[in-house]
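The values are calculated or read from the model by the stated rules, or taken from the named source; none is laboratory data. Every value quoted in this text rests on a predicted model; they were computed, and no experiment measured them. Glycine also receives a Cβ, built like all others from the backbone with ideal geometry; neighbour counts cover every protein chain displayed.
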Amino acid sequence: MPEFKDLIKFIRIEVNKSLKKIPIPQKPKYLYDPIRYSLKGTGKRFRPILVHLVGRANNIDPNVIMNISLSIELLHNFTLIHDDIMDKDTIRHGQKTIHEKWDESSAILSGDGIFALSQIILSSINDNSTDLFRHFNKATLEICEGQALDKEFENNSLITEKEYLDMIDKKTGALLSISATLGPIYSGIDSSYIEHYNNFGRALGKGFQIHDDLLEITSSPERMGKSLGSDLEEGKQTMMVIKARTNYPKEWDNLIKSSNNSDLIKNCKTFFEDKNIFDKTGLMAKSYFNSARKSLAKIDNINTSELLEFVNIIEKRAF
């Protein structure tokens, strides 16, 4: 395990070095200063790390894998910048969000610029480029659909667990899916194996997002490196909220109506603890992490030990 943690640290360092080497012009400053600022954040780089681990398992050219991982990390940053505007978040990766440091117009434009950079980097890969672009842009559209559903679901007390799971499959699962599949797609392996990688990434994404919803309440801004509590304040339908209002409708309604913004998070946290909703939600996340492991077990042509270790890290993360 210590050796694997060293590997993860090494990949993260190399990805950060490569992000810094992306040629970004000096002018116009209105566009490029926020882009540089965004890319210097201390992100966990889970998605590019996954790309590299899949690449290692399949003996794919490290230079190709690095370009795929950078394009996916840039896509991720693009979505975060725009999400932060919509969710009114003020901290991301341990620093002020772009719209908080500059303004919304700067943030929108820099997000667009980062997405263009992701396309430029992906275009440097010659083999199977058509398939790579098709899956990459299909995932981008899925992520946009997921964010749209997330916004539509706000303050909607009719949203079901299934609808929530469909939403996070698009918003989070799609990005982890291409993190797991673009390398194998580049290498031209059998489509049945691509589907196993896709199922692995999507199950991992669902487990990741449900666990992230838990950390949104149970962790701290300092540990998470982002502002917390905005989901509850914006009326987002997380799995915990859905379980609370479905199983305890009157009590939950009274809690929401009687809580001021200043004590909403504290009151919800107490409610989730008293009703064992934290435990039930945690078990649901665990079931998806186990599904990810089952998908890996079907990929019998590679050594999946590092990918299994990665699932363990994601499942046990506290930030």
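Just to be sure I understand, how many residues within region 27-82 are aromatic (Phe, Trp, Tyr) and either buried (at least 22 other Cβ atoms within 10 Å of the Cβ) or under 14 Å from the mean Cα position of the chain (by Cα) (or both)?
2
Output the number of the condition that LEU80 fails; it satisfies all remaining conditions of (1) more than 30 Å from GLN237 (Cβ to Cβ); (2) part of a helix (DSSP H, G or I).
(1)
Can you name every residue in region 300-319 that is closer than 23 Å to ASP169 by Cβ and either in the same structural domain as VAL54 (by TED's automatic domain parsing) or touching a residue at least 12 places away in the same chain (Cβ under 8 Å) (or both)?
Of everything in region 300-319, those that are closer than 23 Å to ASP169 by Cβ and either in the same structural domain as VAL54 (by TED's automatic domain parsing) or touching a residue at least 12 places away in the same chain (Cβ under 8 Å) (or both) turn out to be THR304, LEU307, LEU308, PHE310, VAL311, ILE313, ILE314, GLU315, ARG317.
Hey, which of the helices (runs of 4 or more DSSP H) in region 256-319, taking only ones fully inside, have at least 3 residues that are within 18 Å of the chain's Cα centre (by Cα)?
277-297, 305-316
Quick check on region 284-299. Is at least one of its residues surrounded by fewer than 11 Cβ atoms within 10 Å (Cβ to Cβ) and touching a residue at least 24 places away in the same chain (Cβ under 8 Å)?
No; the residues of region 284-299 include none that is surrounded by fewer than 11 Cβ atoms within 10 Å (Cβ to Cβ) and touching a residue at least 24 places away in the same chain (Cβ under 8 Å).
Kindly establish whether LYS266 is touching a residue at least 60 places away in the same chain (Cβ under 8 Å) and not acidic (Asp, Glu).
When the stated conditions are applied, LYS266 does not pass them.
Please go through region 1-33 and pick out each residue that is within 17 Å of ALA107 (Cα to Cα) and acidic (Asp, Glu).
Selection gives ASP33 alone.
Taking LYS257 as the residue in question, decide whether it is closer than 23 Å to ASN155 by Cα, of a type in the set (D, E, K, R) and surrounded by 17 or more Cβ atoms within 10 Å (Cβ to Cβ).
Details: closer than 23 Å to ASN155 by Cα: yes; of a type in the set (D, E, K, R): yes; surrounded by 17 or more Cβ atoms within 10 Å (Cβ to Cβ): no.
So LYS257 does not fit the description; no.
Restricting the first residue to region 51-62 and requiring it to be within 14 Å of GLU14 (Cα to Cα) and in contact (Cβ under 8 Å) with a residue 40 or more places away in the chain, which pairs with a second residue that is β-branched (Val, Ile, Thr) and crowded, with 19+ Cβ neighbours inside 10 Å meet a Cβ separation below 7 Å and a spacing of at least six or different chains?
From region 51-62, the pairs are VAL51/ILE65; VAL51/ILE68; VAL51/ILE72; HIS52/ILE11; HIS52/ILE65.
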